[in-house]
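Notes to accompany the following structure.
The values are calculated or read from the model by the stated rules, or taken from the named source; none is laboratory data. If you're wondering where the values come from, they're calculated on a predicted model, not measured in any experiment. Cβ: placed from backbone, ideal geometry, glycine included. Neighbour counts: every protein chain shown. Ligands, DNA and RNA are excluded from the accessible area calculation, which covers all protein heavy atoms including side chains. Shrake-Rupley method; radii C 1.70, N 1.55, O 1.52, S 1.80 Å.
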Amino acid sequence: MAAIETALKLASNVLDNPSEPKYRKFRSNNPGISKKLLRCPGGQELLLAMGFRTKVMEFEEFWVAEESPLLLRTLAEALQALERYRELTRVKL
């Protein structure tokens with residue numbers, strides 16, 4: 001559930017603030033995101049499907065989503081799918 005919530009938060013931040021670059025990138029070693037999403041099975045694949053890519057900047061690895069209309073559409077669709085999955089998971093639990 002933590003992975004779903006984290007992915008939802010990442011997508012929501014970008015969609016709510018599309019012109020803010022700070023919401024389209026995060027450090028790979030970010031403790032919260034790393035523990036809740038990156039180390040979760042399928043977490044990295046989910047980020048890739050959402051439009052994030054890894055990039056090394058100033059000797060640190062980041063996950064970055066480049067600004068584009070396609071990214072916003074992809075994230076909007078991912079947000080809907082993740083919300084639906086979250087609800088199905090809650091019902092199942």
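Here is how the numbers come out for the structure above:
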| item | result |
| --- | --- |
| Test: residue in the range 69-80 that is modelled with pLDDT of 95 or more and in contact with a strand residue (DSSP E or B) (Cβ under 9 Å, 6 or more places away or on another chain) | no |
| Residue ID - nearest to R73 (Cα to Cα), chosen from residues in the range 4-46 that are open to solvent by 30 Å² or more (accessible area, probe 1.4 Å) and in a strand (DSSP E or B) | K25 |
